[in-house]
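The values are calculated or read from the model by the stated rules, or taken from the named source; none is laboratory data. Note that the structure is a prediction, hence the values are computed from the model and not measured. So basically every Cβ, Gly included, is an ideal-geometry build from the backbone, and we count neighbours across all protein chains shown. SASA here: full protein model, heavy atoms, side chains in, ligands and nucleic acids out. Shrake-Rupley method; radii C 1.70, N 1.55, O 1.52, S 1.80 Å.
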Amino acid sequence: MNPVVGVAAFAAVSLATAVIGFYGLRISRTTGDFYVASRTVKPWWNASAIGGEYLSAASFLGVAGLILLSGTDALWYPVGYTAGYLMLLLFVAAPLRRSGAYTIPDFTEARLDSRAVRRVTSLVVVLVGWLYIVPQLHGAALAIRITTGLPAWVGPVAVVGVVCITVVAGGMRSITFVQAFQYWLKLTAVAVPIVFMLLALGGNSSPVEAVPAVNPTALAPSGPYQVISLLVALLFGTLGLPHVLVRFYTNPDGQSARRTTLIVLGLLSVFYMFPTAYGMIGRAYAPDLARSGPADALVLLLPGRMIGGVAGDLLTALVVAGAFAAFLSTTSGLVVSLAGVISQDVFGGSVRGFRLAAVVSALVPLGIASMTESLALAGSVGLVFAFTASTICPVLLLGIWWRGLTDAGAIAGMVTGGVLCGSAMVAGSVLGAAQTPSWLAQPAAWTVPAAFAVTILVSRATRGRVPRTMTRVMTRLHTPERPLATER
């Protein structure tokens, strides 16, 4: 493809992101603006922003790449990514908003009346955030190398630079506008090329022909264990993602938080139809990317192959713009959520502390990404979901719905889940994909139940540590607010 196309698309997205971010700076003044946009974000805006930050490199590039590699087995990824929001709608969205907290550590400290729980939760949240940012930077490295020919390090450095500028400038208020714009850009970027490719196929005008490769990699189909474990990771992992949960603190009340989640379900369902289509078309028209090339680059390369000429270049530019929007929006959401945690625990919780924490939150994963190699994007993010499901999710769900949770149980559960899942992830990276048994490659099926079991058993063994404030906090979580006049 023409390198000028890639550079122009990336430059355009970066400029648009910076301009919108600086618009948010004009109305970001208070601490509340930086942390939770002063809790004034309406459902449609918030849903678009959540869609923008949730649809990461794994969604934009990785889902199509996995479908190219393994066919229908990979369809569980978009199903799980979307269904996780149904879990949020039913169990988390409204109570979490009613908690009045700024961050997940704020919630666990208020619920369990324990500074120790807060410290452990903060450590886990920061670790989850950094693990999630690294695949976004790997995706940026892949995209910049494939589309522009520039050195791979340019992509991650550029993403971190743009994110730092927008987050430091306006915090959550600024990022809300940016991410809402980026969702609709990403949807347009994947939808429009598909329409043209299908028209080309229907008119028999495609410059390439399908090849008889039903399974281009000859991978064995996934067994029941892999499917169940993946769904456990995606469904329960969504409940603990820090950059998603912090979004519910920006809604005016619990009712609008539920409405936001319902809209997100619709937005995600529409989006995931298109990466799925890319993967299916790619299995017929670009199987070489599965056998010997970067499968995650399928979305970037397919429009040029199917259409060709100036039209192909223009469609490729649109896809490249959507890909960089995915890297920027998810990374910015994670940096905002991590900055809120780090600034309160380390820098005093001021606006200046938030800005310092944002820079730290972005630079650490940049260093990690520069020292590691990219794995399959959707697969690596799936492991982060498994880690989140094994650590934050049990404390969050039990903290909202079980009166018997104690600080000792919460800490024991997070440590157990983190050690078990983290050990499985390390073992899998050492052994390699070909040598890793399925119970290590997909650990959520046993690490998540273990974390829940330890949390419950230790809490029962320490009944005397149930906080005296438990009844008051639980009442606040489950008592609906009166509708605001503006919401009637």
Legend entry - Candidate set: the stretch 437-467, residues that are free of Cβ contacts under 8 Å to residues at least 24 places away in the same chain and closer than 22 Å to residue 237 by Cα; chosen: the one least open to solvent (accessible area, probe 1.4 Å): 440
Inset, instruction - Take the stretch 360-374 and flag every residue that is surrounded by 16 or more Cβ atoms within 10 Å (Cβ to Cβ) and not in a helix (DSSP H, G or I). - result: 374
Inset, instruction - Tell me which residues, restricted to the stretch 397-441, are farther than 19 Å from residue 459 by Cα, of a type in the set (S, T, N, Q) and not in a helix (DSSP H, G or I). - result: 435, 436
Inset, instruction - Check the stretch 82-91 and report whether any residue there is closer than 18 Å to residue 357 by Cβ and either open to solvent by 20 Å² or more (accessible area, probe 1.4 Å) or among the aliphatic types (A, V, I, L, M) (or both). - result: no
Legend entry - Members of the stretch 240-256 found to be farther than 28 Å from residue 189 by Cα and at pLDDT 75 or above, listed by number: 240, 255, 256
Inset, instruction - Evaluate the stretch 76-92: report whether one residue or more is touching a Ser or Thr at 6+ places or on another chain (Cβ under 7 Å) and over 30 Å from residue 225 (Cα atoms). - result: no
Legend entry - The lone exception for residue 159 - which of (1) among the aliphatic types (A, V, I, L, M); (2) closer than 20 Å to residue 317 by Cα; (3) modelled with pLDDT under 90; (4) open to solvent by less than 10 Å² (accessible area, probe 1.4 Å) it fails: (3)
Legend entry - Residue among 298, 334, 302 that alone is touching a His at 6+ places or on another chain (Cβ under 7 Å) and not aromatic (Phe, Trp, Tyr): 334
Inset, instruction - Test residue 166 against the stated conditions and say whether it is closer than 20 Å to residue 301 by Cβ and among the polar types (S, T, N, Q). - result: no
Inset, instruction - Working only within the stretch 105-117, note down all residues that are assigned to a helix (DSSP H, G or I) and open to solvent by 10 Å² or more (accessible area, probe 1.4 Å). - result: 106, 109, 110, 115, 116
Inset, instruction - Evaluate the stretch 178-188: report whether one residue or more is farther than 28 Å from residue 127 by Cα, open to solvent by less than 50 Å² (accessible area, probe 1.4 Å), at pLDDT 90 or above and part of a helix (DSSP H, G or I). - result: yes
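Check the stretch 203-221 and report whether any residue there is modelled with pLDDT of 70 or more and open to solvent by 10 Å² or more (accessible area, probe 1.4 Å).
Checked the stretch 203-221: no residue is modelled with pLDDT of 70 or more and open to solvent by 10 Å² or more (accessible area, probe 1.4 Å).
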Legend entry - Among (1) open to solvent by less than 30 Å² (accessible area, probe 1.4 Å); (2) over 30 Å from residue 43 (Cα atoms); (3) of a type outside the set (S, T, N, Q), the one test that residue 399 misses: (2)
Legend entry - Matching residues in the stretch 411-431 - criterion: being under 24 Å from the mean Cα position of the chain (by Cα) and of a type in the set (Gly, Ala, Ser): 413, 417, 418, 422, 423, 424, 427, 428, 429
Inset, instruction - Read through the list (1) part of a helix (DSSP H, G or I); (2) crowded, with 24+ Cβ neighbours inside 10 Å, then give the number of the only condition that residue 297 fails. - result: (2)
Legend entry - Where a residue in the stretch 322-346 is over 21 Å from residue 20 (Cα atoms) and open to solvent by 10 Å² or more (accessible area, probe 1.4 Å) and its partner, wherever it lies, is not in a helix (DSSP H, G or I) and not acidic (Asp, Glu), with Cβ under 9 Å and at least six apart: 344/102; 344/103
Inset, instruction - Kindly list the number of the only condition in (1) open to solvent by less than 10 Å² (accessible area, probe 1.4 Å); (2) over 25 Å from residue 46 (Cα atoms); (3) among the hydrophobic types (A, V, I, L, M, F, W, C) that fails for residue 290. - result: (1)
Inset, instruction - All but one of (1) closer than 22 Å to residue 71 by Cα; (2) surrounded by fewer than 23 Cβ atoms within 10 Å (Cβ to Cβ) hold for residue 258, so report the exception by its number. - result: (1)
Inset, instruction - Answer with yes or no whether residue 312 is more than 21 Å from residue 174 (Cα to Cα), in contact with an Asp or Glu (Cβ under 9 Å, 6 or more places away or on another chain) and in a helix (DSSP H, G or I). - result: no
Legend entry - Residue in the stretch 346-357 that is aliphatic (A, V, I, L, M) and within 19 Å of the chain's Cα centre (by Cα) present: no
Inset, instruction - Scan the stretch 384-396 and give yes if some residue there is open to solvent by 20 Å² or more (accessible area, probe 1.4 Å) and part of a helix (DSSP H, G or I), otherwise no. - result: no
Legend entry - Pairs with Cβ under 8 Å, 6+ apart, first in the stretch 133-161 and touching a residue at least 60 places away in the same chain (Cβ under 8 Å) and on the phi < 0 side of the Ramachandran plot, second basic (Lys, Arg) and open to solvent by 20 Å² or more (accessible area, probe 1.4 Å): 155/145
Inset, instruction - Tell me the helices (runs of 4 or more DSSP H) entirely within the stretch 1-90 that contain at least 2 residues that are farther than 23 Å from residue 377 by Cβ and at pLDDT 80 or above. - result: 3-26, 43-54
